[in-house]
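As structure tokens, the structure follows; a few thoughts come after it.
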Amino acid sequence: MTTAKDKYQKVAYYPGCALEGTAHSYNRSTQEVGKALGLDLVEVKNWNCCGAMEVKNIDPKLQTYLSSRVMAIAATEMKMDVVMAPCNGCYHNLKKAEYDLAHDPTSVEVVDRLSQKAGHATYEAGQVETIHALDWIMHGIGEDGLKQRLKGSLQGLKVANYYGCMYTRPRHIFPEKDKGPGTESTSKPHYMDDLLGAAGAVNVEFPLKTACCGGAHTLSDSDMSTKLVLNILRAAEAAGAEVIATECPTCHSGLEMHQVRAEKKFGQPTKVKILYFTQLLGLALGLSPRQVGVHENISDSLGFLREKGIA
Amino acid sequence: MPIHEQSLIRPENLTTHDQLVVDGVDVSGHWSTFIQSRVVTDYNEAMQDEIAALPGGENVHRCWQCGSCTNSCTVNAINPEFNPRHWIYLVRIGMESEILRDKDIIWQCVSCNKCTYACPRDVVPEGVMKALSHWLELKGHVKPSPSMVFDEVFSEQVFQHGKIEEGRVMQRFFKRTGQSLNQPWLIEMMRRMLRHLPVGMLTKLGLATLVAPRTSGWSGARAAIEEYVHEQEHKRRRALGLDALIEAAKRDAGPVTAGEGARS
Ligand code: SF4
Ligand code: SF4
Ligand code: SF4
Ligand code: SF4
């Protein structure tokens, strides 16, 4: 039997739109960390957007179709078994499509009809396994494996781990979670805590791990998003965190953008730094701040990381 | 878990007389407070079916009013008027007029799915909020909310090209909602973003706003999606009886001849 460890050595990589744009540093740090850990990523050929949260509001089945096309290409054109997505939105949508195609005949019918017209193979549930970047490192390398490969340390950096909404909700699309020790929890996720902890960080007790940043209305109802983000930033600071670690481009840019907005528009400054967990892992693996794109973040943390002796 | 209550007694239906003597008894002030009776006759008995016909609303009939959705709701914590449990109740009994009182805040649901996580009946309240927002718009009760405009701008790009480029989506959204890009916080954000970005990256971002990134060989998918979108729109309009309404309105307006406006 092949274990997750074997299976995750080489996976299809679905970066998604955000990682090609504003979240370039997440893309870059994910690939660099993969390299440093000896894990292979093969980008999904000619991929399309999964539909994010927006297409679902126009029509949920179209989103299922868009996500299924990505999985179909990975399965049939690339013969891959695993698709890894670092974006919560992409990860969520592929999981949701997987669930719908396994349980809802109408979705199967619509996806088949659209795929045939579009001229590519129809995705069938079970052809690939979709995982998040956190699963990829957690199960492909593990905490012990990570420790063996460390070249530096996060030096007791106090981190609040922020997972957002789409990584755990709704629960039914993540059948592998909540299965006891070793598996991820939907109420209190911990993979990011575990990995950063192994790299030398101190994880603070952070109650808003899965709170919502209002990303859906980041532009259409900005004041609401700013309030929600400010809540998260304040809670992290109150818990003693110096850094908020993120694992999704939308959550990350939401926090960065509304941290600025809270300060500029409402005169409510916060100091906590915002970094992708892959950037932090990369630094502990001996990569340079430039290699993991620290300079590309809006939240300016270079000076702080130097002071701490991490960068 | 508490059921988040929503009083059905409105302040304007409470009457109190400052000076009132009834049968020789002085009941001035709060002693004379009474609730004016209210008879509701304008139920929309089809409302639950109409919501169930829209994507996301399919399970609305399952709700048993436990209140877990409102209790866990992200937006409710900020605005107590935002009450999914209450709206689902109104949908189920068909109190359309009562729902309309909240028509301008229903779209504010941030799709965090905390309600879906908490709901013991698999109602998917998040979906119901989307269906309800959609319904308000289709029935002409509200103009498309900023959020719906955003969904449209975004989806148009995905359907067209297979991929999106955030800068483009943002620009179009600001344009369509008539907002200025010249806002201090936006400028500050750009400034911070530009501070360290390598020149190559900047050119790439700049180019992306001019030349949209695309998925090659997308035309087949585009055609398939467009056809599907039309078909679904038609279905929804029929479920809400909108085409019949429009036909009836046209008939009432009488024949329209060229050179003459619809209104006289
Ligand atoms: S969820 Fe976001 S990043 Fe992922 S493909 Fe869709 S738009 Fe792109
Ligand atoms: S936390 Fe924000 S960006 Fe992340 S998934 Fe939730 S709403 Fe989206
Ligand atoms: S939608 Fe679900 S959570 Fe909300 S009141 Fe109804 S049964 Fe309870
Ligand atoms: S999805 Fe909407 S209704 Fe549900 S908890 Fe979140 S904000 Fe409230």
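The values are calculated or read from the model by the stated rules, or taken from the named source; none is laboratory data. What you are looking at is a predicted structure, and each value in this text was computed from that prediction instead of being measured. Ideal geometry is used to build each Cβ from the backbone, glycine not excepted, and the neighbour counts take in all protein chains shown.
Filter segment B:79-97 down to the residues that are away from every other protein chain (no Cβ under 14 Å), among the charged types (D, E, K, R) and without any contact (Cβ under 8 Å) to a residue 60 or more places away in the chain and list them by number. If the condition is that a residue be away from every other protein chain (no Cβ under 14 Å), among the charged types (D, E, K, R) and without any contact (Cβ under 8 Å) to a residue 60 or more places away in the chain, then B:Arg92, B:Glu96 are the ones that fit. Selection of segment A:169-186 for residues being in contact (Cβ under 8 Å) with a residue 12 or more places away in the chain and either touching a Phe, Trp or Tyr at 6+ places or on another chain (Cβ under 7 Å) or not assigned by TED's automatic domain parsing to the domain that holds A:Val229 (or both) yields A:Arg169, A:Arg171, A:His172, A:Ile173, A:Glu184, A:Thr186.
Listed here are the residues, each with its yes/no results for (1) within 16 Å of ligand 4 (Cβ to nearest atom); (2) outside the structural domain of A:Glu247 (by TED's automatic domain parsing); (3) in a loop (DSSP other than H, G, I, E, B); (4) touching a helix residue (DSSP H, G or I) at 6+ places or on another chain (Cβ under 7 Å).
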| residue | (1), (2), (3), (4) |
| --- | --- |
| A:Ser25 | no, yes, no, yes |
| A:Ser29 | no, yes, no, yes |
| A:Val33 | no, yes, no, yes |
| A:Cys50 | no, yes, yes, yes |
| A:Asn57 | yes, yes, no, yes |
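In the set B:Ile88, B:Ile93, B:Ile164, B:Ile99, only one residue is away from ligand 2 (no atom under 16 Å from the Cβ) and either in contact with a Cys (Cβ under 9 Å, 6 or more places away or on another chain) or at pLDDT 95 or above (or both); that residue is B:Ile88. Comparison of A:Tyr123, A:Tyr91, A:Tyr99 shows that the only residue that is aromatic (Phe, Trp, Tyr), within 16 Å of ligand 2 (Cβ to nearest atom) and touching a residue at least 12 places away in the same chain (Cβ under 8 Å) is A:Tyr91. If you filter segment B:53-73 down to residues that are within 14 Å of chain A (Cβ to nearest Cβ), closer than 26 Å to B:Glu233 by Cβ and not charged (D, E, K, R), you find that the one that is farthest from ligand 2 (Cβ to nearest atom) is B:Ala53.
Residues checked against (1) over 14 Å from A:Tyr162 (Cα atoms); (2) in contact with a Phe, Trp or Tyr (Cβ under 9 Å, 6 or more places away or on another chain); (3) at pLDDT 95 or above:
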| position | (1), (2), (3) |
| --- | --- |
| A:Asp221 | yes, yes, no |
| A:Ile232 | no, yes, yes |
| A:Glu237 | no, no, yes |
| A:Lys264 | yes, yes, no |
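Going residue by residue through segment B:97-117, is there one that turns out to be away from ligand 3 (no atom under 16 Å from the Cβ), surrounded by fewer than 24 Cβ atoms within 10 Å (Cβ to Cβ) and small (Gly, Ala, Ser)? Yes, that holds for at least one residue. Among the residues of this structure, B:Val75 does not count as one that is more than 29 Å from A:His172 (Cβ to Cβ) and touching a Phe, Trp or Tyr at 6+ places or on another chain (Cβ under 9 Å). Here B:Val123 passes the criteria (1) assigned to a helix (DSSP H, G or I); (2) buried (at least 24 other Cβ atoms within 10 Å of the Cβ); (3) away from ligand 2 (no atom under 16 Å from the Cβ); (4) over 16 Å from the mean Cα position of the chain (by Cα) except the one numbered (1).
Can you confirm whether B:Asn76 is of a type outside the set (A, V, I, L, M), within 14 Å of chain A (Cβ to nearest Cβ) and buried (at least 19 other Cβ atoms within 10 Å of the Cβ)? For B:Asn76, the condition - of a type outside the set (A, V, I, L, M), within 14 Å of chain A (Cβ to nearest Cβ) and buried (at least 19 other Cβ atoms within 10 Å of the Cβ) - is met. None of A:Lys227, A:Lys264, A:Lys271 is surrounded by fewer than 24 Cβ atoms within 10 Å (Cβ to Cβ), touching a residue at least 12 places away in the same chain (Cβ under 8 Å) and at the interface with another protein chain (Cβ under 9 Å from one of its Cβ atoms) except A:Lys227. The single condition among (1) within 21 Å of A:Pro60 (Cβ to Cβ); (2) aromatic (Phe, Trp, Tyr); (3) away from ligand 2 (no atom under 16 Å from the Cβ) that B:Trp107 does not meet is (3).
Contact map, segment A:188-202: residues that are in contact (Cβ under 8 Å) with a residue 40 or more places away in the chain paired with residues that are of a type in the set (Ser, Thr, Tyr), Cβ distance under 8 Å, separation 6+ or inter-chain. Pairs shown: A:Met192/A:Tyr163; A:Ala199/A:Ser153; A:Gly200/A:Ser153. All of (1) part of a loop (DSSP other than H, G, I, E, B); (2) in contact (Cβ under 8 Å) with a residue 24 or more places away in the chain hold for A:Ser68 with one exception: (1). Picking from residues in segment B:1-27 that are surrounded by 11 or more Cβ atoms within 10 Å (Cβ to Cβ) and within 16 Å of ligand 3 (Cβ to nearest atom), the one that is modelled with the lowest pLDDT is B:Met1. For the residues B:Asn76, B:Asn83, B:Asn113, B:Asn59, the requirement of being within 16 Å of ligand 1 (Cβ to nearest atom) and either modelled with pLDDT of 95 or more or touching a helix residue (DSSP H, G or I) at 6+ places or on another chain (Cβ under 7 Å) (or both) singles out B:Asn113. Which one is nearest to A:Gly215 (Cα to Cα), of the residues in segment A:104-121 that are away from chain B (no Cβ under 12 Å) and touching a helix residue (DSSP H, G or I) at 6+ places or on another chain (Cβ under 9 Å)? For segment A:104-121, the residue satisfying everything is A:Val108.
Taking the criterion of being closer than 24 Å to A:Gly145 by Cβ and touching a Cys at 6+ places or on another chain (Cβ under 9 Å), the only residue of segment A:16-48 that qualifies is A:Tyr26.
Yes/no matrix, rows are residues, columns are (1) closer than 30 Å to B:Lys235 by Cα; (2) at pLDDT below 70; (3) within 8 Å of chain A (Cβ to nearest Cβ); (4) more than 16 Å from ligand 3 (Cβ to nearest atom):
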site: B:Lys130; (1), (2), (3), (4): yes, no, yes, no
site: B:Leu136; (1), (2), (3), (4): yes, no, no, yes
site: B:Gly140; (1), (2), (3), (4): yes, no, no, yes
site: B:Lys143; (1), (2), (3), (4): yes, no, no, yes
site: B:Met148; (1), (2), (3), (4): yes, no, yes, yes
site: B:Ser155; (1), (2), (3), (4): yes, no, yes, yes
site: B:Gln179; (1), (2), (3), (4): no, yes, no, yes
site: B:Met190; (1), (2), (3), (4): no, yes, no, yes
